[in-house]
Amino acid sequence: MAPESSPTVNRRRLATELRKCREAAGLTIDAVADTLEWSSAKISRIENSRVSVLPRDVKHLLRTYGLTEDHDDWEPMLALSRASRQRGWWHEYGTAIPEFFEVYVGLESDAVSISAYHAEFVPGLAQTEDYASALIRAKLADVSDLERIVKVRMERQRLLTSAEGPHVWYVLNEAVVRRVVGGREVMKRQLEQLLAVADLPRVELQVLPFGAGAHAAMDGSFSLLTFPEPRDPRVVYVEYMTGALYIEKPSDTERYKLAVDHLRASALSMDASRALIAGIVEQ
């Protein structure tokens, strides 16, 4: 359990390990809460990785589960706790990142692959600054911190060219490349940027044409993230206007994986997708 990943991923790992320890000890959340004189809600938040955990509290939990200092998992669990409390690069931007999105940025930075369907707009990792600014304004968001919000988006894009970045596979609804955001010149530069992103070695990009008809993601956009460690379950991220859902139940993430496969099969080939985008640029 070496804590070499982002704080967000380490917090998820610690939550999983603590839950396993509790279940192995045959204890309920309420029983642990009674023993430690904590609230059941506190333990539930820990096991759902909603909060980071002090090493001191990890020790209390492990002792309650029957583990002692000489147990093989004792020090690795404390190391995970300390690593999960470190600050990621995104924390320096403060409120420019909504709390619900902080988790995604942490997961994204440690993902080995990202498969996403975008129904309405170019994904953040491929946006130009002007397109991002126009999009944020159009979404009726608080633009008082617009400059820092856009900077965060640009900082995230280093993932695409990082030697250790994830393999990214985007399927974009045809509306994404045809809807003019920010005016014709802004959109032209955005489409040129999209073509440049599509040429990166670890990026696959397809367009789902209108002619494909009904498809597997009619409910909307989503991102499916996988991680290098088998103990880290896949996560599906679904964003809505004022928050987001993080889906981790294996049967649910498998459903999204199946949707990704169907979308790829229904979309234009990568070469045909580039040709379509290039044709719109010429227009």
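The values are calculated or read from the model by the stated rules, or taken from the named source; none is laboratory data. These figures come from a predicted structure and were not determined experimentally. For neighbour counting, all protein chains shown are included, and Cβ atoms are generated from backbone atoms with ideal geometry for every residue, glycine included. Each accessible area value is taken on the protein alone, full model and side chains, heavy atoms only, with ligands, DNA and RNA left out. Shrake-Rupley method; radii C 1.70, N 1.55, O 1.52, S 1.80 Å.
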I want to verify the translational diffusion coefficient of the chain in µm²/s; compute it with Stokes-Einstein, Rh as the Kirkwood radius over Cα pairs, at 10 °C and 1.306 mPa s. 77 µm²/s
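Working out 0.36 nm times the residue gap between Gln86 and Glu239, then minus their Cα-Cα distance, what length gain in nm do you get to one decimal?
On the way: separation 153, 0.36 × 153 = 55.08 nm, distance 2.55 nm.
That works out to 52.5 nm of additional length.
Taking only protein heavy atoms and a 1.4 Å probe, what accessible area per residue, in Å², does the range 1-149 have with all protein chains in place?
Result: 49 Å² of accessible area for each residue.
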What percent does the relative contact order of the chain come to when contacts are Cα pairs within less than 8 Å and at least six residues apart? 19 percent
Evaluate the distance, in nm, between pseudo-label points positioned 7 Å from the Cα of Ser269 and of Lys139 along their respective Cα→Cβ axes. 3.5 nm
Model label zone, Asp73; criterion: amide N under 11 Å from point 7 Å along Cα-to-beta-carbon; scope the range 42-65: 62-63, 65
What does the net charge come to around Glu17 if you take all other residues with beta carbon closer than 13 Å to its beta carbon, with K and R at +1 and D and E at -1? 0
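Indicate the gyration tensor shape class of the range 76-204 (rounded, prolate or oblate), computed on the Cα atoms with a ≥ b ≥ c the square roots of the eigenvalues: a/c under 1.5 is rounded; otherwise a/b larger than b/c is prolate and the rest oblate.
Values: a/c = 2.36, a/b = 1.43, b/c = 1.66.
Here the range 76-204 falls in the oblate category.
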Env charge @ His167, Cβ radius under 12 Å, K,R +1 / D,E -1, value -1
If the cut-off is a Cα-Cα distance under 20 Å, which lysines reach Lys20, setting aside same-chain residues fewer than 8 apart in sequence? Lys42, Lys59, Lys249
Heavy-atom accessible area of Lys42, protein chains in place, probe 1.4 angstrom, given in Å² to nearest 10, is 60 Å²
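Could you please state how large a percent of the accessible area of the range 166-240 is carbon and sulfur, counting protein chains only and using a 1.4 Å probe?
Values: 1800 of 3420 Å².
C and S fraction of accessible area: 52 percent.
When only Cα pairs under 8 Å and 6 or more residues apart are kept, what is the percent relative contact order across the range 1-53? Spell out each step's value before the answer.
On the way: 26 pairs, mean separation 21.5, N = 53.
Value for the range 1-53: 40 percent.
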Quick one: accessible surface of Thr161, probe radius 1.4 Å, all protein chains present, in square angstrom to the nearest 10. 100 Å²
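Sort Trp74, Trp169 by heavy-atom solvent-accessible area, probe 1.4 angstrom, most to least.
Numbers: Trp74 5, Trp169 55 Å².
Output order, biggest surface exposure first: Trp169, Trp74.
Can you tell me the relative contact order of the range 86-161? Whole percent, Cα pairs under 8 Å, sequence separation 6 or more. Intermediate results must be reported in sequence, preceding the final value.
Numbers: 37 pairs, mean separation 31.4, N = 76.
This gives 41 percent for the range 86-161.
Write down the percent of antiparallel bridges among all DSSP beta bridges whose residues are both part of the chain, to the nearest 5. It would help to have the intermediate numbers written out before the result.
Numbers: 13 of 25 bridges.
Taking every DSSP beta bridge within the chain, about 50 percent pair in antiparallel fashion.
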Overall form of the range 136-276 per C-alpha gyration tensor (a/c, 1.5; a/b vs b/c): rounded
If you take the charge dipole of the chain about its Cα centre, with +1 on Lys and Arg Cβ and -1 on Asp and Glu Cβ, which of Val235, Ala212, Ala163 is farthest toward its positive end? Ala212
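Summarise the accessible area of the range 1-77 (1.4 Å probe, protein heavy atoms) by the percent that is carbon and sulfur.
Working: 1770 of 3960 Å².
On the range 1-77, the fraction of accessible area on carbon and sulfur atoms equals 45 percent.
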Candidate lysines for bridging to Lys151, where Cα separation is under 23 Å - those fewer than 8 sequence places away on the same chain excluded: Lys139, Lys188
Quick one: if you stick a label point 7 Å off each Cα along the C-beta vector at Thr161 and Gln283, how many nm between them? 3.0 nm
Given Ser223, Ala244, Ala138, which one lies farthest toward the positive end of the charge dipole of the chain, if we put +1 on the Cβ of every Lys and Arg and -1 on the Cβ of every Asp and Glu? Ala138
